[in-house]
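Worksheet: one structure, shown below.
Laboratory data are not the source of any read-out in this text; all were calculated from the coordinates shown. These numbers come from a predicted model, not from an experiment. With ideal geometry, Cβ positions are generated from the backbone for all residues, glycine too; neighbour counts draw on all protein chains shown.
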């Protein structure tokens, strides 16, 4: 039953806690109404104080209020951080999911959603644009990595829990800013494997860390630092801080030995993951954050149909540029040039399976299936 820890924690805490600063909000992105929860630190006063912003993303099939129970609001008051808990829209399987280039992704304009939130909180809530952070659990973690690539000029650092990078992001991500990363993952995770056989369109932990180790030019194979083991939970924790990175201390892996796909919190476990994540994130500021109001590429600039496809895939594009298609293991299988308007890809000799179309220079990924 360990996989239910986060849901049980959410139900218990939300039933007994009332935060006067926790408010349900909404914003219109294109034609979609997007909702989120907002937590403002006590004595919030944007006329006299500048704030950091932390956006915390739920997992697939999850809800924003589940992530409220992760324990960060108790830190936000003293850390002077505004915390936002966005709600994902449903994918084609009618399950809440983020648009992150994976097999179970939605088609929502989540980049537009995040841009709208960032702009609003910078202009109306006096958030420092250089101190915007992302974190998430499971698919929320996968999405945090995706946004570190797609919104590299807006996010100062990411904290990723139990979710690895999409193989399409590993293949296409080329960040100008070397995003600081902390990753926490259980070695017995039966949902998003730590090692062994990866899920379709996802990497394993070593592949994710290797990608960021290269980005930061760190030494490989850091020495583990054991976290004091005081809880009777059959879980031990090793912390790996990568050495000689281009910015020292910008990459960490916390290996949760024996842990399944769960969220750790004290006193049941040795750490509360969201608190440790924040202690890492708070050290970083983006050196050159994007100004408010600069238009980003929308994830809705592409439309793929039919999906699943058999003989031919139609690609409606709102822009022009080169594209690459990867299979679910991240191998390049095709490429070409997209014109504005309707494009066609011949699938007659393609093997059945899942594929990811990536547009050069936009960090835009769309998933399709060949039958």
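Could you check the spin-label model distance between residue 288 and residue 344? Points 7 Å from the Cα along Cα→Cβ, value in nm.
4.3
For region 210-267, what mean projected area does the convex hull of the alpha carbons give, in nm²?
4.7
If r is the Cβ-Cβ distance from residue 126 to residue 31 and R0 is 35 Å, what FRET efficiency results, to the nearest 0.05?
Efficiency, from the Cβ-Cβ distance: 0.70.
If contacts are Cα pairs under 8 angstrom and at least 6 residues apart, what is the relative contact order of the chain in percent?
RCO, the chain: 14 percent.
Beyond 22 Å, how much of the Cα-Cα pair distribution for region 62-176 remains, as a whole percent?
Pairs farther apart than 22 Å: 32 percent.
Does anyone have the angle between helix 110-124 and the longest principal axis of the chain? Alpha-carbon axes, 0 to 90°, nearest 10?
40
Between region 24-81 and region 160-179, what's the alpha-carbon centroid distance in Å?
23
Quick one: which of 83-90, 304-311, 135-142 comes out on top by average Cβ neighbours within 10 Å, and what's the full order, highest first?
Those peptides, ordered most packed to least, come out 135-142, 83-90, 304-311.
I need 286, 365 ordered by Cβ neighbour count within 10 Å, fewest first.
Neighbour counts put them in this order, fewest first: 286, 365.
Just rank 107, 24, fewest to most, by other beta-carbon atoms within 10 angstrom.
Sorted ascending by nearby Cβ count, the order is 24, 107.
With no solvent and one equal point scatterer placed on each C-alpha of region 302-370, evaluate the Debye formula and give log10 I(q)/I(0) for q = 0.24, 0.28 Å⁻¹, two decimals.
-1.11, -1.52
Jot down the radius of gyration and Dmax of region 125-260, Cα atoms only, both in angstrom.
So, for region 125-260, Rg and Dmax equal 14.8, 45 Å respectively.
Kindly provide the helix-only [θ] at 222 nm of the chain, computed as the sum of -39,500 (n - 2.57) over DSSP H runs of four or more divided by all residues, to the nearest 500 deg cm²/dmol?
Theoretical 222 nm ellipticity from helices: -6000 deg cm²/dmol.
Sorted from fewest to most neighbouring beta carbons within 10 Å, what does the list 211, 280 look like?
With the sparsest Cβ surroundings first, the list reads 211, 280.
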